[in-house]
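Accompanying notes for the structure given below.
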């Protein structure tokens, strides 16, 4: 991947606000709290602005001053642009937001955009944009120039002289992206129905003439573009090279025998943390404000009640207990958190200026006004301590981020010196031990260096090692050797595995081998699990959440869509492996016979799950029980409080979308699997939650539920379990869209099977019978074509059994399956062969199965 | 926050943002040293470190206690200590206040309490005078005629701890004795020892024995202690099996006492206790510990000078609405993107004319921000704490560079899943046999990020230093991996490599990297100054020894000549002498013409004609020597001159 120079870019957004952009459209939202489908009605403009805001939010997020943008609108009722002022023409084009580094204010300004009653010309607007960009950049030739045109293509385009504009774009090396509302898209096969003829002409012009003429151009459909922005995107910043020196021996007095190698160091791994969110709270209204509000309401009925959220700032205060300490000493020892709170009240607040810095030495205090003692005098450089055999290297000691160490790239001697050491180390199988000081007077760090031989360059990799102080030497009883009271070695004990158990485990470890569990693009078996493909799920999810709330106005009516499936890639072992290992797993379950104790882990409590030697067991149980009951109560309350998402009043503001609640059937539909009898048996402990906020219950996670894999899960989207790609709301849609991705077939098939079963066995399933039959048909077809035959043949008998034998089951549904007959039965060997797969089911078995 | 608290934290602040840490602060350690003063403990014997001096077991025990206290006073300033001596006729002097009477033949040298400089200094003084006069300890603590009943010793421990220790603390007794059979003839006394020990256990006190044995006086645990310490086992760890003997320590070399105490110095605290799912319906319980964690200097605290004493200021941090100066309760905080300072002019908020805080005004019913629970679900992706096995791969799939954070250690936990230990052990054995490592996805705590871990097994060590179990190593995500910025460079010739190998051969440390050899010098330097300051002594920085510095004398003695040969070969290497820009560096074309060799530079320096070089040439030279390239030509020449003077 070529590393583009980050920043140093001016992006012009050319946004169509013509009359036609005011047409409304229905946009699908993530399912509601009870799985009902939800849609928002918004204008083309609002929808298109989401894309622009995402792009701008990305710039804000990265926080580069040199990442600038400007917004030009066309189809505006007024005209306000430089070219018009100077030369006239270019009507209905407005320089809406001047070029600058975007901020939250930029986003807010975009929210104020409204569709107009007129039309404007996109080519005119582009010329204005390019002119403004060029003027802004002046002679800064190295900056990247980008133009984004967002339009529905329904306004008239002046087709005269467009070639000159395209030429200008090429001259200035501008990258053009055209994002069209409801433009046809060959790749996704989207074609707008009833497309007006003039739009077809416009679209055609933009695609086949204008974009063809611009060297660096892309044209696409808005839906696709919006999907692409939620794709996790790994930004690998270039590591900065820091200069340092590698010292071997005594370089001060024995120079001819000692060596100083000029080196550069830089990061090889570095934890990428998500940007932190800001904290807010609702600001209560003062009496005066309420009065004012009341007054204005009286005057103007349309006036809406507003809520103010204030951004919070951390404040640190210092208190001191000036009372005589003697009598308090005893109590202080057993103080708890609450005591602390009440104690604060008796204390006196002190200003920071009055305080003295110092350290505690037991109960005595050592003042140290500087905040630290003189530091250990150290000299910048990496001192070589010696070499250690690679075999003696203890991987678990590696305690931090890895660094590259290079010979100075401008100094061949340094490079040769490093290269000779690296090669010799590699040959001998040793690692180097070093002591690294990043600058004079900085604290030293110990670490080991490993030789790294790239094709054309040699370097060392450094990882920090613990000092003596960093190791905790806890003792643990031996697992292999148990002794009885007499001090004799015990050979049989419930803690010790038997021969049979050891064999079962050996088989399990073999079966769960990952070396051939993955597939590459050419369908060859390859190793599964690669750190280079693993996105940090929290990082990207939090980023997605941050972008989402920057772009939408209300999280209740426009909740965060589910995480991108790529984030969940390594959440479960590969299904094929697990399927193949099923026998050995069952054997292990039987042989090891693990009994789940009655003490369930109380995840609900905020106290971490420490178990202390000194807590009397009885007390522990009592608290846990309490916690549990409490949590249950909360849940009951939750259900009562559960409200439909507020369908707030329609507003005139942009970015405010009206929610259309599709009839979700009667309330019975809202009963989901949580209430399924089977699920209740191993229902996980409910999670204790803080008091509900004065916001609708949509924000609250579903009750703990147990999905097919027995995982306790919790998510803001109850209809789609967090580790599933397919939700219960629109399984077929999810199924199809995920299949297009190609690389998740196994997972999709697995999830689909699970969802079908859940829906069919849930109460009031008959309403969805037809849909489920479609799902089954399509699932079978995919299984047959995509070599998931075993998955189908395993699923179907199980499904049959559940339908017929379980209670309540769904015999009616099964009879529908039987009516369809052979084409929904097991996949036979004959059928499989035709499609290049294999099956252990014979044709006659397949025929008999549905009888 | 004191470093002591850091030990208990797995993750960085951000991950713990919503976590309540007050729990840790409430936990304190209490250690009561309970030391035998019998004649054999007082018996003078040659000091193993210094043959000319005489020492005793009691001296060694007190010395170890003092050293431990000196460490703990810094790392855990809230912890309490006490020293109880038994088998001595010394009685309590009136001056000390004490809650309860203790049994006869026992002397509470240091009542349980938080440490302070004077308390430690008192002990140091006692040890000093014992060094001057080896009989000092016998004078101070004259031994009793006959041994006191161990039952009385345990009862006294119980009383002392009850009086002095906070209820919530972890309480331990370090029992130091060299008598393996205190009551050979009395069954009665043995039973009473057992019952009093049970009482102690009921009170939540763990007894950690340190048994001293010598060649002439071996220590047979089976004679007395193995049966009575049994009862103590069930509080040791909630999953310990009473039928298996708790670990007891017999020390054959008295010098080892301190290092043995170090092992137990810190209460073993689990960071998490979570299920480990090997496969569906195949789950065991594991506890996690941090065995490798960076130990930092404690941060300074703020004090207020009250005239007669210094008092720690309590720091309270709250979230504030600046305009209203009101503090917001944690449960009402919501999270979102930063908003801009002043509200847009379209909003008629005349009341906010001089607003300091950024605000966001929304219509009633709209919710622009996330609540804490949603934030948590974004962070964890809805996963509950637990590990889930993904599969196995050969050991070499875990690369050196696949690292971002320290590892954690997991050990089976029976109480929630009976059968965890045998399953865990079987897994460990299979993995040893098949030479594989495991991979797992894990969320270790309620608010932490799902992470992929490599599971590395720890085989049982012959020295029993390393516990058996698994290390789990957090792997970097694609987002954390940086590509190599340098793609090309000079490669050394085989001759040069062989010359390097020659000196590498001589400087290899066979034992590998042993952390114990490298105490953190910055930390020790800080502690030494803190201690000197607390004791009101002068700190002498010259006396400080940094053990992490390379042993250059040894390097030169063993490999000096070989290093010299390598250096000569390097200097002769034709590719190495020129200062040539490397391809790929962002220099302008024609850079090669600007390259100058070190020899040229030195020659020009000698005849004072450095100014004849072009600026680009000087810059290229500076860059190759890690020198700054800023400034004008005279700055560059100055810099090159300075360099020439040094080289």
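The values are calculated or read from the model by the stated rules, or taken from the named source; none is laboratory data. Just so you know, these numbers come straight off a predicted model, no measurement behind them. Glycine gets a Cβ as well: all are built from the backbone with ideal geometry, and neighbour counts include every protein chain shown.
Looking only at segment A:523-537, count how many residues are within 8 Å of chain B (Cβ to nearest Cβ) and either outside any helix (DSSP H, G or I) or more than 15 Å from residue B:453 (Cβ to Cβ) (or both). Selection size over segment A:523-537: 8. Considering the conditions (1) in contact with a strand residue (DSSP E or B) (Cβ under 9 Å, 6 or more places away or on another chain); (2) under 24 Å from residue A:379 (Cβ atoms), residue B:511 is excluded by exactly one of them, (2).
When A:212, A:197, A:224 are screened for being under 32 Å from the mean Cα position of the chain (by Cα) and over 18 Å from residue A:14 (Cα atoms), only A:224 passes.
Among the residues of this structure, residue A:439 does not count as one that is in contact with a strand residue (DSSP E or B) (Cβ under 7 Å, 6 or more places away or on another chain) and more than 7 Å from chain B (Cβ to nearest Cβ).
Only one entry of A:46, A:50, A:57, A:68 meets the criterion of being within 14 Å of chain B (Cβ to nearest Cβ), under 30 Å from residue A:276 (Cα atoms) and within 28 Å of the chain's Cα centre (by Cα), and that entry is A:57.
No other residue among A:271, A:307 is at pLDDT 90 or above, within 27 Å of residue A:546 (Cα to Cα) and within 43 Å of the chain's Cα centre (by Cα) apart from A:271. Taken across segment B:432-453, residues that are over 21 Å from residue A:481 (Cβ atoms), without any contact (Cβ under 8 Å) to a residue 40 or more places away in the chain and more than 7 Å from chain A (Cβ to nearest Cβ) do occur, with at least one present. One residue stands out in segment A:785-801 among those that are surrounded by fewer than 19 Cβ atoms within 10 Å (Cβ to Cβ) and modelled with pLDDT of 85 or more: the one that is farthest from residue A:748 (Cα to Cα), namely A:801.
Just one of the listed residues (B:399, B:421) is assigned to a helix (DSSP H, G or I) and either crowded, with 24+ Cβ neighbours inside 10 Å or out of contact with any strand residue (DSSP E or B) (no Cβ under 8 Å at 6 or more places or on another chain) (or both), and it is B:421. Look at (1) closer than 30 Å to residue B:381 by Cβ; (2) touching a strand residue (DSSP E or B) at 6+ places or on another chain (Cβ under 7 Å); (3) facing another protein chain (nearest Cβ under 7 Å); (4) buried (at least 22 other Cβ atoms within 10 Å of the Cβ) and you find that residue B:456 fails only one, number (4). For segment B:439-452, the criterion of a residue being out of contact with any helix residue (DSSP H, G or I) (no Cβ under 6 Å at 6 or more places or on another chain), outside any helix (DSSP H, G or I), under 24 Å from residue A:473 (Cα atoms) and modelled with pLDDT of 95 or more is satisfied by no position. Quick check, is residue B:479 more than 30 Å from residue B:120 (Cα to Cα), in a helix (DSSP H, G or I), more than 7 Å from chain A (Cβ to nearest Cβ) and more than 26 Å from the chain's Cα centre (by Cα)? Spelling it out, it is not the case that residue B:479 is more than 30 Å from residue B:120 (Cα to Cα), in a helix (DSSP H, G or I), more than 7 Å from chain A (Cβ to nearest Cβ) and more than 26 Å from the chain's Cα centre (by Cα). Condition check: free of Cβ contacts under 8 Å to residues at least 24 places away in the same chain and crowded, with 18+ Cβ neighbours inside 10 Å. Does residue B:617 satisfy that? Spelling it out, residue B:617 is indeed free of Cβ contacts under 8 Å to residues at least 24 places away in the same chain and crowded, with 18+ Cβ neighbours inside 10 Å.
Per the conditions (1) over 36 Å from the mean Cα position of the chain (by Cα); (2) more than 27 Å from residue B:520 (Cα to Cα); (3) within 7 Å of chain B (Cβ to nearest Cβ); (4) at pLDDT below 95, the sole criterion not satisfied by residue A:454 is (1). Of everything in segment B:486-543 that is under 20 Å from residue A:458 (Cα atoms) and part of a loop (DSSP other than H, G, I, E, B), the residue that is farthest from the other protein chains (Cβ to nearest Cβ) is B:493. Restricting the search to strands (runs of 3 or more DSSP E) fully inside segment B:233-331 and requiring at least 2 residues that are modelled with pLDDT of 70 or more gives B:272-279, B:282-289, B:301-305, B:310-312, B:314-321, B:326-328.
Looking at the structure I just gave you, is residue A:244 modelled with pLDDT under 90 and either assigned to a strand (DSSP E or B) or at the interface with chain B (Cβ under 7 Å from one of its Cβ atoms) (or both)?
no
Residues that are facing chain B (nearest Cβ under 7 Å), surrounded by fewer than 17 Cβ atoms within 10 Å (Cβ to Cβ), assigned to a helix (DSSP H, G or I) and at pLDDT below 80 within segment A:312-363 comprise A:337, A:344, listed in sequence order. Taken over segment A:488-522, the residue count meeting the criterion of being under 32 Å from the mean Cα position of the chain (by Cα), more than 8 Å from chain B (Cβ to nearest Cβ) and at pLDDT 85 or above is 3. Scanning segment A:247-285 for residues that are outside any loop (DSSP other than H, G, I, E, B) and closer than 19 Å to residue A:433 by Cα yields A:247, A:248, A:259, A:260, A:261, A:262, A:263, A:264, A:265, A:266, A:267.
Mind listing just one residue for me: the one in segment A:144-164 that is in a loop (DSSP other than H, G, I, E, B) and surrounded by fewer than 18 Cβ atoms within 10 Å (Cβ to Cβ) and, of those, modelled with the highest pLDDT? By that ranking, first place goes to A:156. Does residue B:556 fit the bill of being loosely packed, with under 13 Cβ neighbours inside 10 Å and either within 25 Å of residue B:492 (Cα to Cα) or at pLDDT below 90 (or both)? Against the criterion (loosely packed, with under 13 Cβ neighbours inside 10 Å and either within 25 Å of residue B:492 (Cα to Cα) or at pLDDT below 90 (or both)), residue B:556 does not qualify.
Can you name the residue in segment A:386-429 that is more than 7 Å from chain B (Cβ to nearest Cβ) and in a helix (DSSP H, G or I) and is also surrounded by the fewest Cβ atoms within 10 Å (Cβ to Cβ) among such residues? Residue satisfying both the conditions and the ranking: A:391.
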